Structures are given as C-alpha cells and as structure tokens.
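What follows is one structure encoded as structure tokens, with my remarks underneath.
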Amino acid sequence: QVRLVESGGGLVQAGGYLRLSCAASGSIFSINPMGWYRQAPGKQREMVATITVGGITDYGDSVKGRFTISRDNAKNTVYLQMNSLKPEDTAVYYCKLTSPGLYDYWGQGTQVTVSS
C-alpha cells in the first residue's frame with residue numbers, strides 16, 4: 001500500500017507563489033514516475049506536471065514557464081514550485097504516483113486559491 005500526503009496549498013494573491021510537496025510512504029520498492037494534477041470546480045482533472053524516474057519533466061501548456069516540478073528520491077518526495085500564480089490556477093491539486101505495475105495512487109489533494 002502506498003500513501004501520498006500533499007502539503008503547501010493555501011490562499012495567495014495573483015502574481016504570488018506557492019510550493020507544494022508530496023511525500024510518498026508505504027510499500028515503495030522502486031522509484032516511480034510521479035506527477036501533479038489539478039481539478040477546478042466544474043472541470044475535469046488535468047495534468048499539471050510530471051516527472052519520470054530519470055528526472056524528465058513534462059508540463060501542461062497553461063503552466064509552462066511558471067511551474068517547476070522536482071523530486072528528491074531519497075525522501076520519496078515530489079515538489080511543485082508555482083510562480084506567477086493566476087486566478088485560473090485555483091484548483092485542488094493532487095499528487096499521483098504510478099507503480100511499476102502501472103497502478104496509479106493518488107493523494108487526498110490540497111487546495112490552492114489565487115485571488116485577483
């Protein structure tokens with residue numbers, strides 16, 4: 001069983017920044033691909049950023065150049081640095097870990113609210 005715990009969400013003004021963290025614990029036998037996703041009210045969940053075992057990153061078009069994903073494999077933790085935040089970034093942000101068997105584990109989510 002894998003457990004993911006996100007932290008770092010909150011309320012910030014437009015133009016501000018936040019750093020999200022996601023700590024993985026449990027039956028982790030290898031370093032796994034991880035990612036951040038978000039879901040705004042009334043919208044589908046969308047990919048924000050992903051990072052592979054080797055550190056290759058990918059970003060959603062709406063966050064490119066503003067957000068940075070990184071990971072600390074020794075701590076089984078993935079981070080999302082969010083700069084130049086916009087009101088449209090307001091959403092619940094979820095962390096995802098993909099197991100070697102391609103099973104996806106999700107965290108409980110952390111709320112990010114950006115005021116204009």
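Bridges between two residues of the chain, per DSSP, are antiparallel at a rate of about 90%. Dividing the mean sequence gap of close Cα pairs (under 8 Å, 6+ apart) by how many residues the range 19-108 holds gives a relative contact order of 34 percent.
Extent along the principal axes, Cα only, for the range 1-60: 39, 24, 21 Å, with the longest axis given first.
The charge dipole of the chain, taken about its Cα centre with unit charges on the Cβ atoms of Lys, Arg (+1), Asp and Glu (-1) only, comes to about 100 debye.
Spin-label model, A23 to N83: label points 7 Å out along the Cα-to-beta-carbon direction sit 2.7 nm apart. Among the trypsin sites (Lys or Arg not before Pro) found in the range 4-104, those both in a DSSP coil and sparsely packed, with 13 or fewer other Cβ atoms within 10 Å of their Cβ, are K43, K64.
Working note: Karplus 6.51/-1.76/1.60 with θ = phi - 60° gives the range 86-101 the couplings 10, x, 6, 7, 4, 4, 8, 9, 10, 9, 10, 10, 9, 6, x, x Hz, where Gly and Pro are set to x. 3J(HN,Hα) along the range 13-19: 7, 4, x, x, 9, 8, 10 Hz, from the Karplus curve 6.51 cos²θ - 1.76 cosθ + 1.60 with θ = phi - 60°, whole Hz, x for Gly and Pro.
The 3J(HN,Hα) values that the Karplus relation (6.51, -1.76, 1.60; θ = phi - 60°) gives for the range 7-12 are, in residue order, 7, x, x, x, 9, 9 Hz. Gly and Pro appear as x.
We did not get these values from a lab; they are worked out from the coordinates using the rules stated. None of these values were measured; they are calculated from a predicted model. Ideal geometry is used to build each Cβ from the backbone, glycine not excepted, and the neighbour counts take in all protein chains shown.
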